[in-house]
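See structure below.
Read the figures in this text as sums done on the coordinates, not as results from a lab. Values in this document were obtained by computation on a predicted structure and should not be read as measured data. We place every Cβ from the backbone using ideal geometry, glycine too, and count neighbours over all the protein chains shown.
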Amino acid sequence: TNGVITIDRGFKNTGSCESEITFLDGEKGVLRYRGYSIEELAEKADFLEVAYALIFGNLPTQEQLNKFHADIKSKSVVDDDIKKILDAFPKTAHPMGVLSSLTSALTAFNPSSVNVDSEEDMYNSIVKILGKFPVLVSWTMRKKQGLPLNYGSTSLGYVENILKMMFEQPNESYEISPIIKDALDKLLILHADHEQNCSTSTVRIVGSSHAGLFASLSAGISALWGPLHGGANQAVLEMLEAIKADGGDTKKYMAKAKDKNDPFRLMGFGHRVYKNFDPRARIIKKAADEVLNDLGIEDPILDIAKGLEQEALSDPYFVDRKLYPNVDFYSGIIYRAMGIPVEMFTVMFALGRLPGWIAQWKEMRLNKEPIGRPRQVYTGENLRSFVEIENR
Ligand code: SDX
């Protein structure tokens with residue numbers, strides 16, 4: 001503080017806006033989208049319904065949902081020249097970097113998405129990105145796998161179509177497993193919004209300069225990529241694999257996580273707001289058991305995860321800091337059971353968070369929020385004169 005400005009690192013105690021979209025209570029472990037509880041939505045809704053509610057405020061009637069889906073399908077073709085950009089990436093490129101680039105590149109092929117001042121313009125940009133982003137996700141994954149880049153089928157539901165685009169093999173008809181479809185619906189719903197997290201705040205602040213929706217989303221994808229945020233779901237699986245390779249020695253990793261001189265953290269644990277169980281983690285843990293059981297998969301990684309959770313929940317270091325499993329701790333186990341490559345896990349998080357980012361961006365624009373421009377407390381040099389380079 002310099003008397004006028006108070007620094008709040010990481011904005012831990014700073015509210016950036018008023019919002020009607022998502023309510024969460026970190027102490028009680030409560031999460032609601034537009035007033036609907038996450039438990040009910042995960043159980044009873046499908047992802048497109050939840051996307052509609054987040055963006056437009058209420059769960060849709062059947063007619064509203066049909067029109068929304070039809071508009072999305074009508075705008076889901078991606079300009080083929082985007083493939084030239086995709087071709088330029090090395091196969092080793094991380095999919096989050098590819099998708100951030102392709103999402104921003106969409107602006108070049110959809111110039112009308114830059115200045116969206118009317119609600120009609122916003123709607124057109126919203127259905128475009130909801131239609132095109134799953135295509136970009138599929139193309140990014142299939143490019144790495146050397147598979148043909150395809151479209152799904154407009155006769156399918158939104159989530160079924162995502163599965164078909166991602167997993168259809170050449171010369172084979174892709175059978176959609178109801179178990180996998182339900183699991184993906186649930187995971188995408190659970191990731192759909194989370195008030196002012198790092199990536200959503202990024203989308204809001206980029207959008208506050210009136211950059212277009214696609215450019216704002218591209219920035220959100222980049223923020224989500226970080227291992228402290230959405231990138232944690234990939235880091236959790238890599239951590240669990242390392243523990244498995246280490247003979248399941250969870251105690252060694254618990255000690256590393258508590259050692260202040262060791263940068264290692266127990267990935268998938270802890271949360272800025274939840275100081276109780278993350279309600280999403282509770283639902284995903286149950287779903288992981290069900291999906292593995294229904295698919296008849298024995299995954300020792302799940303047992304290691306449960307062992308780690310048990311140890312942490314009784315360890316004073318974690319209990320004192322109220323560190324519980326978060327949304328990223330168990331989700332990767334389901335993604336892996338669905339055959340999704342680990343470097344695509346954070347992309348799946350982005351696919352789920354897309355409607356939340358859109359809803360928050362739209363609210364920010366409709367509320368005419370001012371451009372985000374925080375202040376600072378200057379701690380650098382006082383005034384000093386220029387010195388010629390030969391005298392330095
Ligand atoms: C997501 O904000 C959101 O809502 C995000 C998200 C969403 O839906 O958008 O919920 C999604 O990002 C979930 C979080 C995924 N990240 C991880 O799992 C990475 C591991 N977790 C942490 O890095 C950490 O817990 C954060 C980033 C999630 C929260 O960090 P904070 O709130 O800034 O807390 P902190 O770093 O100040 O930690 C407080 C204390 C510290 O110890 P002390 O200095 O007090 O001694 O807890 C310790 C930390 O060292 N700590 C951990 C730890 N997390 C915090 N120690 C070991 N392992 C951990 N995972």
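Extents of the chain, taken as max minus min of Cα coordinates on every principal axis and listed largest first, are 72, 55, 50 Å.
Ordering LEU266, GLY339, GLY35 by the projection of their Cα atoms onto the charge dipole of the chain, which places +1 on the Cβ of Lys and Arg and -1 on the Cβ of Asp and Glu, puts LEU266 at the extreme positive end.
Overall, the chain carries a charge dipole of about 880 debye about its Cα centre when +1 sits on the Cβ of Lys and Arg and -1 on the Cβ of Asp and Glu, all other atoms neutral.
With the simple spin-label model, which puts each label point 7 Å out from Cα in the Cβ direction, the LEU295 to GLU311 separation comes to 2.6 nm.
Counting only aspartates and glutamates at least 8 places from LYS83 when in the same chain, those with an alpha carbon closer than 19 Å to its own are GLU168. Dividing the helix sum by the residues of the chain, where each DSSP H run of 4 or more adds -39500 (n - 2.57), gives a mean residue ellipticity at 222 nm of -17500 deg cm²/dmol. Exposed loop GluC sites (Glu not before Pro) only (DSSP loop, at most 14 other Cβ atoms within 10 Å): please give the longest stretch of the chain free of them, not including the sites. The reported range is 28-171. Taking a ≥ b ≥ c as the square roots of the eigenvalues of the Cα gyration tensor, an a/c ratio of 1.5 or more together with a/b no larger than b/c marks segment 119-175 as oblate.
Label sites at ASP259 and ALA242, each approximated as a point 7 angstrom past Cα along Cα to Cβ, lie 1.1 nm apart.
The Cα center of segment 285-323 and the Cα center of segment 46-107 differ in position by 32 Å.
Excluding same-chain neighbours fewer than eight residues apart, the aspartates and glutamates reachable from LYS44 by a Cα-Cα span under 15 Å are ASP182, ASP185. Sparsely packed loop sites in segment 22-97 (the trypsin sites (Lys or Arg not before Pro) outside DSSP H, G, I, E and B with at most 12 other Cβ atoms within 10 Å) comprise LYS28, LYS91.
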